[in-house]
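This report concerns only the one structure given below.
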Amino acid sequence: MRHVLQRLARGLFRRLFRVELRGWEYYPRDEPRLLIVANHVSYLDGALLAAFLPDVPIFVINTHMARHWWVKPFIAVTRHVGIDPTNSHYLKTLIQHLKAGERVAVFPEGRISVTGALMKIYEGPALAADKADAALLPVYIEGAQYSLLSRLGGMVRRRPFPRIRLTMLPPRRLMATAGNGRARRRQLGRQLDELMVELAYAGMKIDQPLAAALLEAWERHGGNRVILEDAQQQRLGWRALFARAFVLAELLDHSPLPPGEGLGVRVGLLLPNSAAAVIAFLALHLRGRTPVILNFTAGSHELLGACHTAQARTVLSSRAFVAAANLDAPVAALGERVRVLFLEDLRPRATPSIRWRGLARTLLPAWSFRKMAGAVRADDPAVILFTSGSEREPKGVVLTHRNLLANVAQARAALDIMPRDVILNALPMFHAFGLTTATLTPLLLGTRVLLYPSPLHYHVIPELSYERRATVLFGTNTFLMGYGRHADPYDFFSVRLVVMGAEPLREETRRLWMEKFGIRISEGYGLTEASPVLATNSRRHHRDGTVGKLLPGLDHYLEPVAGIADGGLLCVRGANVMAGYLLPDQPDRVIPPRTERGPGWHDTGDIVRIDADGFVSILGRAKRFAKLGGELISLATVERLAADCWPEDQHAALNLPDPVKGEIIVLLTTRRDADRRELIAAAHREGLGELYIPRQVLTVREIPLLGSGKPDYPGVRRLAERLTHPDQGRMELTTG
């Protein structure tokens, strides 16, 4: 009778919810002891598992929940065991069923999610599996949170029959090295937590074009709710966003270009953070083109070099933006080598018929996308960005659709960004942090994004956050310090999450935000080559002084470095790692990542330490170590030392050749009365040796910065060499 009911329920779910099964081949039919663990997003979850698992398991049900009338019909036709999680003996019951060879299903969160993301993971199931020597079978439920039986009312658009996807991962056993007691319990609990995070990552579909994923988000969250707005007061829902993108895609296809000089496969974008930039980005995807996002803070030489490296023959820009940003000279120089199209010139060509076709295409957007773009694969290039150039000439980084969607899935698994959030993003989209993390991730999660064109408006952004009631803010240390100093203590009253990357978080910035706003900054770490995020702190896992834990879906190893005893050079591999580099001298060839361990591995160039709990500490760039007296000295540590001494100022350390010592450390600082004796005292307080004290301290008006707020180290080096050159003189030079 039970199997008949299971088949009936399975057919009903398939018809109503169009249930998709992924990874069901991993089901271990011959595993004697099996504990099925799943995320918990709705009251449908138990019924879904009972209908689609090959063997109907025993469900662990909270005795308090079992009293509800609407639960009783379900438990009447399934095998279940009632437990009271407040009773310390409930684990014994669970262990007994596992040891008896039963297949048991449990939800480690202990409750239905009220955020749409993973909540607290209880240790109990991990302990039971360990005691019973049972394998864990992870199953992820995606889509049921949009049903009427979820607890996300008011947060997401709920409807009777949303599409549901069930993802199964291969079974595994937890392995703890500690003996009995608290240490073993912590190890097992941490492993279960990491498994659930990995499961959340695996539950998102990444093997599809980016435009298809955006269309899926539209289907999930509805077309009329505002999901994108900018400083020009443009407010767009999904339908309006795609309608404008379809119109622009058609205009680009019939743009006034000479014969034989079409758009080309790769098209440059020279636009600020605005709705127009997102529309243009999406329009290129709808036409099957690859956007090349250009750094508008760079000079004409760098812009021309980027177009050459990416082989972009056409650049889209805006006359209003060029005038407002004083880019007339660089754009004029750019126009001598490539075709520059201005959006204002295309707008008059949008005839009523073109506008109507754009709107009509939103009625069947997926079909229209396939017809306009042709066959687009997940491994095709989705965007070309450029490395920051903080240490050498920028390289083109080719990121595929899978790369971007993988990093979005990883961020979703680690950060609890919710559909009801309001994301304030002032980070430029020519950096992966501004594009993937702060723009595409919230859009794909159905979260409203407010774009602002410049992160340097320290007075405006806090006021904008206050006015629009932003709940999530992305930034760098430099920008967050600027906002913190100029903001009223109540400006960030609605902000619950601040994510920081691109440069180290200074103690002064962390303390300022905690004391003034009561907000704990979540520091992360990433690279353009990784789309970009590799690790981050979160509300669930946070440790000051680290950049958090590595994201799920990543393999890594540490390459030993001479002179570094407790760390190594971080090398990573994962679906978010780039397709490869485009080099200025080899623009027609994509050079894939590779290390001594083979293809697919990427050398991050960063020396890190990873502790027993998985938290990552950045010791410094491999290229940013000085070798003094046979020891490797981190220049990042020297900069932190200066920041502790003079937290109100900016600092940059570098190593310069010296005819006597081989090389010395020089510190550039904006501190006008910089005294090397203060650095000596600070080094002694922190237990740092004499080698960490710079031999020279140069006071300058400002530290050269990149558009991301990071120090421009080639510029810093040129400035330091000019100041220390005997023929050039020095500005307020203090030597040791």
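Every number in this text was worked out from the coordinates using simple rules, so none of it is lab data. This one's a predicted model, so the numbers in the text were calculated from it and none came from an experiment. Counting neighbours? That spans all protein chains shown, and the Cβs are built from the backbone with ideal geometry, glycine included.
See the values below:
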item: Within region 430-460: backbone nitrogen closer than 14 Å to the Arg469 label point (7 Å, Cα to C-beta); result: 448
item: Distance (nanometres) between label positions extended 7 Å along Cα→Cβ at Ala562 and Phe493; result: 6.0 nm
item: Helix-derived mean residue ellipticity, 222 nm - over the chain, DSSP H n ≥ 4, -39500 (n - 2.57), to 500; result: -9500 deg cm²/dmol
item: Directionally averaged shadow of region 505-587, computed from the convex hull of its alpha-carbon atoms, nm²; result: 8.4 nm²
item: Burial ordering of Val37, Val460, fewest other beta-carbon atoms within 10 Å first; result: Val460, Val37
item: Binned Cα-Cα distances of region 2-202, short to long, each 10 Å bin given as a whole percent; result: 9, 36, 40, 14, 2
item: Pairs from Lys120/Lys516; Lys99/Lys120; Lys99/Lys131 whose Cα-Cα separation, in the structure shown, is over 20 Å; result: Lys120/Lys516; Lys99/Lys120
item: Descending semi-axes in Å of region 369-460, equivalent ellipsoid built from Cα gyration tensor; result: 23, 21, 13
item: Equivalent-ellipsoid semi-axes of region 158-287, from the Cα gyration tensor, Å, largest first; result: 45, 19, 16
item: Neighbour-count ranking [beta-carbon atoms within 10 angstrom, fewest first] of Lys710, Lys92; result: Lys92, Lys710
item: FRET efficiency for Leu148 and Ala329, using Cβ-Cβ distance with R0 set to 41 Å, rounded to 0.05; result: 0.10
item: Ordering of 481-487, 53-59 by packing [mean C-beta count within 10 Å, highest first]; result: 481-487, 53-59
item: Size of charge dipole - region 227-342 - debye, nearest 20, with Cβ of Lys, Arg +1 and Asp, Glu -1, no other charges; result: 240 debye
item: Coil-residue trypsin sites (Lys or Arg not before Pro) of region 315-416, DSSP, other Cβ within 10 Å capped at 15; result: Arg337, Arg377, Arg392
item: Net length gained if the chain between Arg485 and Glu25 were fully extended (0.36 nm per residue, minus Cα distance); result: 160.0 nm
item: Percent of Cα-Cα distances greater than 31 Å, calculated over region 205-400; result: 16 percent
item: Fully extended contour minus Cα-Cα distance, from Ala360 to Leu16, at 0.36 nm per residue; result: 121.1 nm
item: Label-reachable residues, region 192-206, where backbone N falls under 19 Å from a point 7 Å from Asp555's Cα toward its Cβ; result: 195, 198-199, 201-202
item: Alpha carbon convex hull of the chain, volume per residue in cubic angstrom; result: 180 Å³
item: Antiparallel bridges, percent of DSSP beta bridges restricted to the chain (to nearest 5); result: 50 percent
item: Taking Phe479, Phe52 and counting other C-beta atoms within 10 Å, the order from fewest to most; result: Phe52, Phe479
item: Amide N proximity, region 583-622 versus His308 label position 7 Å along Cα-to-Cβ, cut-off under 12 Å; result: 584-587
item: Straight-distance crosslink candidates among aspartates and glutamates, where the alpha carbon sits under 20 Å from Lys371 and sequence neighbours closer than 8 are dropped; result: Asp207, Glu216, Glu219, Glu250, Asp253, Asp379, Asp380
item: Stretch gain in nm, segment Thr177-Arg539, where the contour uses 0.36 nm per residue and the Cα spacing is subtracted; result: 127.6 nm
